[in-house]
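Please treat every number below as a calculation from the coordinates, not as lab data. Because the structure is predicted, anything quoted here is derived from the model rather than measured. Cβ atoms come from the backbone with ideal geometry, glycine included; neighbour counts cover every protein chain shown.
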Ligand code: GRF
């Protein structure tokens, strides 16, 4: 299957997915990388591997001011130029335009570094998630892979992994523990998506069938 990946930062989840495509764990190819930050590590990695990169949204300020695609151009590019089958958000921090959600129904995943529906939604991203988890006294956390709908972090959950939270944890220590699990569970979910090993309960909850 043809995959478009959205990044805003280092792109460690993108790299984990790309590696899994190269070694055959995922029956997929990354055909495009989209970012709101053209200078980020994920874009640099894509360029090094000859993967086309797109900028979305149009930068309002800074060195890339005025550069970027409109939502319509983004959807057209991903559907018709790159012919993406699935869209994977991997550390992407801007809101996805509704046009894109509509163009990829049940075909867009996101990974969130907390156990949704807790510690999610607007404002809960990156280290803020881990700070809130530690402050809450929760004893477990972990990544959630979910399908994307038009809100932040609210789409149907596909998979989660659990890691312990130690009361002595700093946000950075917890972030690292969660990130290690992200790099396992996201490729696992993408492999199932590419293999068509996801069924849907009639109440809209997705079920991941393991490979034989
Ligand atoms: C990760 O915590 C991921 O869960 C969140 O963005 C952070 C950075 O991801 N969505 P990456 O290293 O850029 O893939």
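Computed values, structure above
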item: Span from the segment 1-66 Cα centroid across to the segment 168-212 one, whole angstrom; result: 19
item: Sequence ranges 17-28, 2-13, ranked by mean other-Cβ count within 10 angstrom, highest first; result: 2-13, 17-28
item: Helical mean residue ellipticity (222 nm; -39500 (n - 2.57) per DSSP H run of 4+; nearest 500) of the chain; result: -9500 deg cm²/dmol
item: Segment 171-212 pair-distance distribution - Cα-Cα, 5 Å bins, rounded %; result: 6, 21, 20, 16, 15, 11, 9, 3
item: DSSP beta bridge pairing in the chain, given as percent antiparallel to the nearest 5; result: 45
item: Relative packing of peptides 126-132, 113-119, 70-76 - highest average C-beta neighbours within 10 Å first; result: 113-119, 126-132, 70-76
item: Cα pair distances exceeding 21 angstrom across the chain, given as percent; result: 52
item: Cα-Cα separations in segment 89-129 greater than 13 Å, expressed as whole percent; result: 58
item: Alpha-carbon Rg with Dmax, taken over segment 85-174, Å; result: 13.6, 44
